[in-house]
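Data first, discussion second: the structure below is written as structure tokens.
The values are calculated or read from the model by the stated rules, or taken from the named source; none is laboratory data. Every value quoted in this text rests on a predicted model; they were computed, and no experiment measured them. All Cβ positions, even for glycine, are placed from backbone atoms using ideal geometry, and neighbour counts span all protein chains on display.
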Amino acid sequence: MERLHELWNFIALPLFYVNYVLGMIIPNISTLKNRFISFWETPISPQPLGIFRLAIASFTLLQAFIWYPDWMSFFGPDAWIQWEISRALNAEWSIHIEYVYRLFHSLGLSEAHSVRLFFWIYVIAATGLLVGWHTRIWAFLTWLCHYVIMSTIPTFVYGVDIFLHIALFYLMVMPVSKAYSLDVWLGRVSSMPTWGVTLSVRVLQVHLCLIYVSSGYEKMFSPEWWDGNVLWRALVQPDFRQFDFTWLAKYPWIPILLSWFTMLIETGYCIGMWIPRLRVAWLGGIIFLHLGIGLFLGLWLFGIIMILLSVSAFGWEVYNDIQRLNKEPLHVTKRSVQAAE
Amino acid sequence: MKKVIYILAFIHLATIAIVIFHGIDKYVHGGWWEKPLAFLCSINYSIWQYGFFSPDVGKSTELEIKIQTDGGEVKKYSTLKGFEFYTSNAESLNRFYGYKHHTARDSTFLDLCARSVAARMLNIHQDAGQLDYIMRSIRYPTMKEYQHGTAPRIVEFYSTTFVLR
């Protein structure tokens, strides 16, 4: 009898729990569906996209002016990698700066003048994008100039260029002129929330989640990320070394903890950024991570663009979370007083 | 129109997700899909894997350039001893990490890039008659090995000489 009882518990108990969980899910499938549609369609404020445009256009200009003193060393005909070689590395659809020179040559410009004129066209396009006047045209031109840049210097491209290219593509296709732009001020564009704004913000958010998840998850497959050696080597190797960190070998728990923090903050990005209040801390963690990359590895522009992308995608929601957090203590105090009375 | 835009957006995100999680590696790196995917990647980097700063970041590369003038003087430039490719700021210098990393991939590419760099250096040093271009990989030991006195492993993997006269 006891054995039958045990057998009954062994089979029936799990079935009971399955039935209980299914009972919760099935009536909620319709709610889940509505929430999913609302997530992607309910019009939201276009301000995050305006901030995204301002941030990326400003960054483009900052990078351009930092680059200007060495512009000819990278893009001139006698650059470190000469045109004959960099052109040979390209695919058929690439637009090398030499093609830009051939266009300007018909106007009588030399190679050097063409390269400098290209720089100023890039800067003017990014400025047009920044102020948001006939935004889509300037967004396209900025992206096109950046496409030429990527085609001309493939051996010198690194993470910052890839993320800037992604961002410029999004600025070209998204309704980024709907906030903080001359287009709105002049009445050319409406600042009303639309489904297009929602879709754009969600695409940016989901893309960033995928980037961080993949970055974190790839790290997890390497034992050297778990024992801190990758981080230590990155800090001490000559290419990135900013300070002498060889002493860290005596305190391995520091690189270990920092490595685990990095993997946690990256892999958990796709969860942490969707939970109200927790995302305040998560965005803080991401900013801390990228400031660290800038300060200790010297990759300042890379750190800045990653911060700008996260702030553009989730900053508005974090700002609302902080506003709600600031209001709540007063509300609790009122309740406490009423309860006491 | 709205439906088309939503479908395109979901295809875009699905493509990113599939590529990131190595779902179509064999198409990205071979076959007739390679070119269309490479074209798409050049537009918006949706065909890109973000595994940077994964295992390989521990390697560094030294570039040494030795220039012999007509007078017999030898000038040595090494990235380990402060040679910064005449760049004006750290951001420009950072790009040479990518240069050393990308060029080290195969010897033909390395030959072309070495020639290019040599041409620039020889134009800067008008009195040079010979230029040696040497690349060495540097691999730091683990923290435990470093504590036991293991030095960084430096291995020369490329060397070439250009002679003008």
From the list A:120, A:71, A:138, A:143, which residue is over 30 Å from residue A:207 (Cβ atoms), of a type in the set (A, V, I, L, M, F, W, C) and in contact (Cβ under 8 Å) with a residue 12 or more places away in the chain? A:71
Give the residues of region B:101-129 that are in a loop (DSSP other than H, G, I, E, B) and loosely packed, with under 14 Cβ neighbours inside 10 Å, sorted by residue number. B:105, B:106, B:126, B:127
Find all pairs meeting these conditions: Cβ atoms under 9 angstrom apart; at least six residues apart or on different chains; first residue within region A:251-266 and among the aromatic types (Phe, Trp, Tyr); second residue loosely packed, with under 15 Cβ neighbours inside 10 Å. A:261/A:288
Give the residue, chosen from A:303, A:285, that is surrounded by 14 or more Cβ atoms within 10 Å (Cβ to Cβ), within 14 Å of chain B (Cβ to nearest Cβ) and modelled with pLDDT of 95 or more. A:303
Output the residue which, of all residues in region B:134-148 that are of a type in the set (Ser, Thr, Tyr) and within 7 Å of chain A (Cβ to nearest Cβ), is nearest to residue B:116 (Cα to Cα). B:140
Name the helices (runs of 4 or more DSSP H) wholly inside region A:160-249 in which the number of residues that are at pLDDT below 95 is 1 or more. A:195-220, A:223-226, A:229-236
Give region B:80-100 a look and list any residue that's more than 7 Å from every other protein chain (Cβ to nearest Cβ), part of a helix (DSSP H, G or I) and not hydrophobic (A, V, I, L, M, F, W, C), or say none. B:81, B:100
Step by step: first the residues of region B:130-165, then only those that are touching a Gly at 6+ places or on another chain (Cβ under 9 Å) and in a strand (DSSP E or B), then the one that is surrounded by the most Cβ atoms within 10 Å (Cβ to Cβ). Which residue is that? B:139
Looking at (1) without any contact (Cβ under 8 Å) to a residue 12 or more places away in the chain; (2) in contact with a helix residue (DSSP H, G or I) (Cβ under 8 Å, 6 or more places away or on another chain), can you tell me which one residue A:161 breaks? (1)
Tell me the residue from B:115, B:153 that is more than 21 Å from residue A:298 (Cβ to Cβ), of a type in the set (Lys, Arg), out of contact with any strand residue (DSSP E or B) (no Cβ under 6 Å at 6 or more places or on another chain) and modelled with pLDDT of 90 or more, please. B:115
Of (1) under 30 Å from residue B:138 (Cβ atoms); (2) more than 10 Å from chain B (Cβ to nearest Cβ), residue A:183 satisfies all except one. Which? (1)
Looking only at region A:69-90, filter to residues that are crowded, with 21+ Cβ neighbours inside 10 Å and among the aliphatic types (A, V, I, L, M); which one of those is nearest to the other protein chains (Cβ to nearest Cβ)? A:81
Taking region A:214-230, which residues are surrounded by fewer than 21 Cβ atoms within 10 Å (Cβ to Cβ) and either among the small types (Gly, Ala, Ser) or facing another protein chain (nearest Cβ under 8 Å) (or both)? A:216, A:221, A:222, A:224, A:227
Can you confirm whether region A:49-68 contains a residue that is of a type outside the set (Lys, Arg), within 10 Å of chain B (Cβ to nearest Cβ) and either part of a loop (DSSP other than H, G, I, E, B) or touching a Phe, Trp or Tyr at 6+ places or on another chain (Cβ under 9 Å) (or both)? yes
